[in-house]
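Asker: To start, I am sharing the structure in question, which I have written as structure tokens.
The values are calculated or read from the model by the stated rules, or taken from the named source; none is laboratory data. None of the values given here were measured: they were computed from a predicted structure. Ligands, DNA and RNA are excluded from the accessible area calculation, which covers all protein heavy atoms including side chains. Shrake-Rupley method; radii C 1.70, N 1.55, O 1.52, S 1.80 Å.
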Amino acid sequence: MDGKTRIVLAIDIGGSHVKIMSSAGGEERKAVSGPKMDAAAMASAVEELAQGMDYDVIAMGYPGPVIHNKILSEPHNLAQGWVGFDFAKRFGKPVRIVNDALMQAIGSYEGGRMLFLGLGTGLGAAMIVDNVAQPMELAHLPYRNGHSFEDYLGEASLEKRGHAKWEKHVLDAVEQLSAALEPDYVVIGGGNVAKLKSLPPKARRGDNANAFKGGFALWLNPDIVV
């Protein structure tokens, strides 16, 4: 940080929408994404959404693994063409990229040891311990009967097994992961958290709007280590 107050444009990239918001205030703006959207199309959509907005830097939450500001693999629910794309060159601004679950986790963090789980199309996960933020690829770890956590907690499981069984698996998975990772508290976010009728012990609901708070923090909160 050089002492200058930067205006951050936060971009939350999802399988159905791309959403943006400025740290200077204003409403969320969004455009439809989907399986035909590659990185260049996303950038064009963001430029159109951001018309009339001033910003100095960009924070981006990407639905897939990101290490050291680099996208490691193509997304499941969008088009190919993301790995190796030069976003800073395309936008002409400095860009910080993290996994989308990690960005929402950072915006949900209230100190200590926090486990974040994002219930959506798939399963996002992250952990923050004393301000050190770590993305976690828990979704594809084995959960039961040779199937992964995501197989039981994702959108497809809710549709296949029904609400009661899906919620039972969510509560059971949170218990298992909490026993292994020993968080002080759990934040459950993502679009499907609203469908939970009850919450596990030491858990609270997240909010998708926290993704923007996390994006702002990537540039404006020097205490957060990614």
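Asker: Could you check how much of the accessible area of the stretch 69-204 is carbon and sulfur, as a whole percent, using a 1.4 Å probe?
Answerer: On the way: 3380 of 6540 Å².
In the stretch 69-204, the share of accessible area belonging to carbon and sulfur is 52 percent.
Asker: Taking the alpha-carbon centroid of each part, what is the distance from the stretch 52-98 to the stretch 153-220 in angstrom?
Answerer: Centre-to-centre (Cα) distance: 25 Å.
Asker: While we're on this one: Taking one equal scatterer on every alpha-carbon of the stretch 1-134, how large is log10 of I(q)/I(0) by Debye at q = 0.15, 0.18, 0.19 1/Å?
Answerer: After summing over all Cα pairs, the log10 values are -0.74, -1.07, -1.19.
Asker: Additional query: Among Val129, Val186, Val18, determine the one that fluctuates most according to a GNM of the chain built with springs between C-alpha atoms less than 10 Å apart.
Answerer: Val129
Asker: Could you tell me the accessible area of Thr121 in Å² (1.4 Å probe, neighbours in place), rounded to the nearest ten?
Answerer: 100
Asker: Under a GNM of the chain (C-alpha, springs under 10 Å), which listed residue has the highest mean-square fluctuation: Phe116, Phe85, Phe212?
Answerer: Phe85
Asker: If eta is 1.567 mPa s and T is 4 °C, what Stokes-Einstein diffusion coefficient results for the chain, Kirkwood Rh from Cα pairs, in µm²/s?
Answerer: D, rounded to a whole number, is 73 µm²/s.
Asker: Same structure, new question: Along each principal axis of its Cα atoms, how long is the stretch 122-226 end to end? Whole angstroms, biggest number first, please.
Answerer: Principal axes ranked by extent give 43, 26, 23 Å for the Cα atoms.
Asker: Give me the extension gain from Ala164 to Arg205: residue separation times 0.36 nm, minus the current Cα-Cα distance, reported in nm with one decimal. Walk me through the intermediate numbers first.
Answerer: On the way: separation 41, 0.36 × 41 = 14.76 nm, distance 1.83 nm.
Extra length from Ala164 to Arg205 when fully extended: 12.9 nm.
Asker: Below 8 Å between Cα atoms, with a sequence gap of 6+, how large is the relative contact order for the stretch 65-130 in percent?
Answerer: Computed value for the stretch 65-130: 24 percent relative contact order.
Asker: When the chain is modelled as a GNM with alpha-carbon springs shorter than 10 Å, which of Met53, Met103, Met37 fluctuates the most?
Answerer: With Cα springs under 10 Å in the chain, the top fluctuation among Met53, Met103, Met37 is at Met53.
Asker: Next question. Assuming a viscosity of 1.002 mPa s and a temperature of 20 °C, what translational diffusion coefficient in µm² per second does Stokes-Einstein assign to the stretch 169-226, Rh being the Kirkwood radius over Cα pairs?
Answerer: 165
Asker: With n ≥ 4 as the cut-off for DSSP H runs, can you work out [θ] at 222 nm for the chain, using -39500 (n - 2.57) per run divided by the number of residues, rounded to the nearest 500?
Answerer: Computed mean residue ellipticity for the chain: -8500 deg cm²/dmol.
Asker: Using a 1.4 angstrom probe, figure out how much accessible area the chain has per residue, in square angstrom, rounded to the nearest whole.
Answerer: 48
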